[in-house]
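Read through the structure below, which is laid out as structure tokens, and then see the notes.
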Amino acid sequence: MSRKTSKSHELQKRAERIIPGGVDSPVRAFRSVGGEPPFIVRGEGSRLWDADGNEYIDYVLSWGPLILGHAVPEVTEAVMEAARNGTSFGASTPCEVDLAEAVLDAYPFAEKVRFVNSGTEATMSAIRLARGYTNRKYIIKFEGCYHGHSDALLVKAGSGVATLGIPGSAGVPEEFVQFTLALPYNSLNVVEEAFRRYKDQIACVIVEPVVGNMGCVPPAKGFLDGLRYLSSRENALLIFDEVMTGFRVAYGGATELYGVRPDLVTLGKVIGGGLPVGAYAGPAEFMDMVAPVGPVYQAGTLSGNPLAMAAGKAMLCYLRDNHEIYGRMDRLAGTLVEMVAKTARDADLPLSYNRVGSMFTWFFQRGPVTDWDSAAKSDTKAFGKFHRAMLEAGVYLPPSQFEAAFFSAVHTEEDVQQTVAAARQSFAAVIA
Ligand code: KE4
């Protein structure tokens, strides 16, 4: 029996008349998987409910923030308590100092942190800081990595060393991306070539230390060390964009997991507990370049918002005091990913996967997936069929082959068994 969808359909029709595509972020429109998105009304634990009363096991978790699942009592209570005292002051509050200390506790290489309202603001500000500190213009990013929607970062994949940034969006003048180099992920020799070609002109290298935005792609052995070596040798800043991996792949993120020290780290998602927070952090040598101490300007009306700070503080305090959840998520997510892959093999369906802790992606191809060029070989039509069938079976996956899925500390063995069973029947739909 297929899901009831009339209420979500009605809401979608209302929404798309007054909001572009009916969504406040493009990927939510389900354009790359087909079908209409359910309108979500409630989340609890590992589950979501939509406007028609359908229940789902959630592997999007608001695109990463909800590592403890939905409606976590500690977080909800903290936000309600804060709200009783007012929602915003545009002034310093004790809670932002508490959260700053919690962030630096997990990232000991950093001495100072600045809170902003999104991952986009965090990476945009970190790049401005790197350019201000080095007095250089060029930046290196990697194809398939996404760092938010600031102009300098919206470049087409495939630019490579040969060609400077090509706008990846309408409305971005080529002048705004002319100093952006988009290189293949996991290819150190191309980075070396870029530093040779643009000697003493590159301000920073920004990288997702574990990529989530071409689907999950881990760094090749030595890649992060190599970026560290080359950035240091060339006096460029190394920026780890840990908006997705921070407090997820380990309490101290990929910085802890791989033991490579960046010069700046950007954060978001988990540190806001589901409320809008971004951050950038690093040694005082760099961070004291930021206004009002230094000449690099950055500001925000709602930066350090007391409700967001309360949510983030509750989240990080829980993670700090319950480290064992990382091992449990790693084990259970591993079981899920491998059992679904085995189900695909049993159905003779080409499927590969990448997983780092509680973030993962099933790729509809034989693999391996190590960079954008290999990720792009995936059968996105098959993924779309799989996504739609899983939704019908009560499993809510990211609506794109090129997104990471997330596991939480509250997903259960029962969730895993139910998901594997749903995958078994969904693969049949893919093959049909
Ligand atoms: P936001 O501006 O969306 O808060 O963060 C931008 C960003 C920066 N860096 C990384 C590594 C990110 O993953 C993101 C945002 N992630 C996407 C999911 N792939 C957000 C989902 C969306 O765009 O709706």
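Charge dipole of the stretch 124-283 (Cα centre as origin; +1 on each Lys and Arg Cβ, -1 on each Asp and Glu Cβ, all else neutral): 160 debye, rounded to the nearest 20. Extension gain for E175-H323 works out to 48.7 nm (0.36 nm per residue, less the C-alpha to C-alpha distance).
Quick check for me: using +1 on Lys/Arg Cβ and -1 on Asp/Glu Cβ, what's the dipole size of the chain about its Cα centre, in debye to the nearest 20?
Values: 41 positive and 48 negative charges, 191 e Å.
Here the size comes out at about 920 debye.
Percent antiparallel among DSSP beta bridges with both residues in the stretch 73-321, to the nearest 5?
35
In the chain, a dipole from Cβ-located charges (positive for Lys and Arg, negative for Asp and Glu) runs towards its positive end, and of G69, T5, L336 it is T5 whose Cα lies farthest in that direction. Ranked by the mean number of other Cβ atoms within 10 Å of their residues, highest first, the peptides 33-41, 205-213 fall in the order 205-213, 33-41. Checking every one of the trypsin sites (Lys or Arg not before Pro) in the stretch 327-432 against DSSP loop status and a limit of 16 other Cβ atoms within 10 Å picks out R366, K377.
For the stretch 133-236, the set of trypsin sites (Lys or Arg not before Pro) satisfying both a DSSP loop assignment and a count of at most 12 other C-beta atoms within 10 Å is given as K199, K221.
Taken along the Cα-to-beta-carbon direction at a fixed 7 Å, the label points for R345 and W49 span 4.0 nm. Evaluated over the Cα positions of the stretch 73-321, the convex hull gives a direction-averaged projected area, one quarter of its surface, of 13.0 nm². Hey, with R₀ at 25 Å, roughly what FRET efficiency would S232 and L104 work out to, going by the Cβ-Cβ distance, to 0.05? Once rounded, the FRET efficiency stands at 0.65. For the stretch 211-341, a Kirkwood radius taken over Cα pairs fed into Stokes-Einstein (20 °C, viscosity 1.002 mPa s) yields D = 128 µm²/s. Loop-located trypsin sites (Lys or Arg not before Pro) across the stretch 1-100 with a Cβ neighbour count of 11 or fewer within 10 Å are lacking, with loop assigned by DSSP. Annotation: the antiparallel percentage among DSSP beta bridges lying fully within the chain is about 55. Each of G304, I325, M287 was placed along the dipole of the stretch 282-335 (beta-carbon charges, centred on the mean Cα), and the one lying farthest toward the positive end is I325. Annotation: amide H of N213 within the under-5 Å range of Y146, sequence separation 5 or more or interchain, hydrogens built in the peptide plane.
Computed from backbone phi with θ = phi - 60° and the Karplus coefficients 6.51, -1.76 and 1.60, the 3J(HN,Hα) list for the stretch 64-78 is x, x, 8, 5, 9, x, 8, 6, 5, x, 4, 6, 4, 4, 4 Hz; x is used for glycine and proline. The distance from the alpha carbon centre of the stretch 267-333 to that of the stretch 157-234 is 25 Å, rounded to a whole number.
Averaged per residue, the chain has 42 square angstrom of accessible surface, using a 1.4 angstrom probe with ligands and nucleic acids left out. Summing charges over neighbours of K342, with a neighbour being any other residue whose Cβ is under 13 Å away from its Cβ, gives -1 when K and R count +1 and D and E count -1.
What nm distance separates the two modelled labels at I166 and K13, each placed 7 Å from Cα along Cα→Cβ? It works out to 4.1 nm between the two label points.
Rounded to whole numbers, the Karplus 3J(HN,Hα) couplings from phi for the stretch 34-48 are x, x, 9, x, x, 8, 8, 10, 7, x, 8, x, 8, 10, 10 Hz, using 6.51 cos²θ - 1.76 cosθ + 1.60 with θ = phi - 60°, and x at Gly and Pro. In order along the stretch 264-274, the phi-based Karplus estimate (6.51 cos²θ - 1.76 cosθ + 1.60, θ = phi - 60°) of 3J(HN,Hα) comes to 9, 10, 10, 9, x, 6, 4, 5, x, x, x Hz; Gly and Pro are listed as x.
Pop out the Kirkwood hydrodynamic radius of the chain from its pairwise C-alpha distances, inverse of mean 1/r, in Å to one decimal.
22.2
Fully extending the segment from I431 to E413 would add 3.8 nm, taking 0.36 nm per residue of separation and subtracting the current Cα-Cα distance. Taken about its Cα centre, the stretch 71-145 carries a charge dipole of roughly 740 debye when the Cβ of each Lys and Arg holds +1 and the Cβ of each Asp and Glu holds -1.
Surface composition of the chain: carbon and sulfur atoms hold 54% of the protein heavy-atom accessible area at a 1.4 Å probe.
The values are calculated or read from the model by the stated rules, or taken from the named source; none is laboratory data. The model shown is predicted, which means the values in this text are computed figures rather than measured ones. Positions of Cβ are backbone-derived with ideal geometry, glycine not excepted, and every protein chain shown enters the neighbour counts. Calculation scope for accessible area: heavy atoms of the full protein, side chains included, ligands and nucleic acids excluded. Shrake-Rupley method; radii C 1.70, N 1.55, O 1.52, S 1.80 Å.
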